[in-house]
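Read the structure below first, then the notes.
The values are calculated or read from the model by the stated rules, or taken from the named source; none is laboratory data. Just so we're clear, the structure is a prediction, and the values are computed from it rather than from any experiment. With ideal geometry, Cβ positions are generated from the backbone for all residues, glycine too; neighbour counts draw on all protein chains shown. With ligands, DNA and RNA removed, areas are computed over all heavy atoms of the protein, side chains included. Shrake-Rupley method; radii C 1.70, N 1.55, O 1.52, S 1.80 Å.
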Amino acid sequence: MSADRWPARLWIVRHGESAGNVARDAAMAAGADRITLNVRDVDVALSERGREQARGLGRWFAAGEADGRPDVLLASPYLRALETARLFREHGGCDADEPICLDERLREKEFGVLDGLTTDGVMIHEPQQAEFRRLLGKFYHRPPGGESWCDVIFRLRSLLDTVALHYAGKRVMIVAHQVVVLCLRYVIENMDEAQILAIDRAGDVANCSVTEYAFDPEAGKSGALSLVRYNETAPVSERSDAAVTAAPDAMVGARG
């Protein structure tokens, strides 16, 4: 991409800790087969710790710890991502009147019949899908009614085309989910399956962590986005009273 086709700066942020992350941890500790939640995944809110993490993210940007502040704010329509973006804005992360642009292409990976199940729960209730996932791997396995990582990547390629079309030269922030962060890295850095899954295995994307790209005119034939930092947790550790959290996506039906 040339300079007139790409943002000057791109930050990708995972939402703060959610009630779903807390419920998943409780289900794991209890050895349960299901994650107990009484709302749709789209309506899962931040936990109090997640709200404090999002406040810390805003304070970190307001204090000038990042390379400027975003002048475009995109978010998943899921409540936990929208709340993160709102709290980020309220605490100085961007201009107070900056609109939050919701884009359904940034939504959480859909788990279909596996939604809400722990790994043990998948083995109990959907053993055939557990075997399919073992054979195909998480990158290509698509549970009935759900998505594979490839499906997420497909919609994110479309999203990045929109970003290039409308926000060239701008400073853009995306607030979304763990798999979205990883799949955006896959697209932007032109990775293959083995490369992105190795990054996934190395550690989970922390709540309210920052992944940052800057446009480098010397990269490639006509310039490209270059990775500045990945999974940076300083906004939480330095600017909030909350602990750094990173509920793993290793659970097939975990909500990230």
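Summary table
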item: Inter-label distance, nm, simple model (7 Å from Cα along the C-beta direction), Ala198/Leu136; result: 2.5 nm
item: Relative contact order of the chain, pairs being alpha-carbon contacts under 8 Å that are 6 or more residues apart, as %; result: 33 percent
item: DSSP-defined beta bridges in the chain - what % are antiparallel, rounded to 5; result: 50 percent
item: The stretch 65-115: relative contact order in percent, alpha carbon pairs under 8 Å with at least 6 residues between; result: 44 percent
item: Of Ile100, Ile35, Ile124, the one that fluctuates the most in a GNM where the chain has Cα springs shorter than 10 Å; result: Ile124
item: Accessible heavy-atom area order of Phe154, Phe215, highest first, probe of 1.4 Å; result: Phe154, Phe215
item: Kirkwood hydrodynamic radius (C-alpha pairs) into Stokes-Einstein, the stretch 18-169, 20 °C and 1.002 mPa s, D in µm²/s; result: 123 µm²/s
item: 15 Å Cα-Cα reach of Lys221 towards aspartates and glutamates, excluding residues that sit fewer than 8 places from it in its own chain; result: Asp4, Glu189
item: Å² of accessible area per residue within the chain, as computed with a 1.4 Å probe and no ligands counted; result: 42 Å²
item: Nearest-ten-degree value, helix 178-188 long axis tilted from longest Cα axis of the chain; result: 50 degrees
item: Between 0 and 90°, nearest 10: helix 79-90 axis offset from the chain longest Cα axis; result: 30 degrees
item: Percent accessible area from carbon and sulfur atoms, the chain, protein chains only, probe 1.4 Å; result: 49 percent
item: Neighbourhood charge, 13 Å Cβ-Cβ cut-off, centred on Pro235 and excluding it, Lys, Arg +1 and Asp, Glu -1; result: 0
item: Nonlocal amide H pairs with His141, under 5 Å, H built at 1.01 Å; result: Trp149
item: Computed over the stretch 1-104: relative contact order in percent, which uses C-alpha pairs under 8 Å that are six or more apart; result: 27 percent
item: Listed residues Gln195, Gln53, Gln178, most fluctuating in the chain (Gaussian network, C-alpha, under 10 Å); result: Gln195
item: Nearest-ten-degree value, helix 19-30 long axis tilted from longest Cα axis of the chain; result: 40 degrees
item: Solvent-accessible area of Asp216 with every protein chain in place, 1.4 Å probe, in Å² to the nearest 10; result: 50 Å²
item: Glu218 accessible area, assembled protein chains, probe 1.4 Å, Å²; result: 150 Å²
item: Solvent-accessible surface ranking, highest first, for Glu90, Glu131, Glu108 at 1.4 angstrom; result: Glu90, Glu131, Glu108
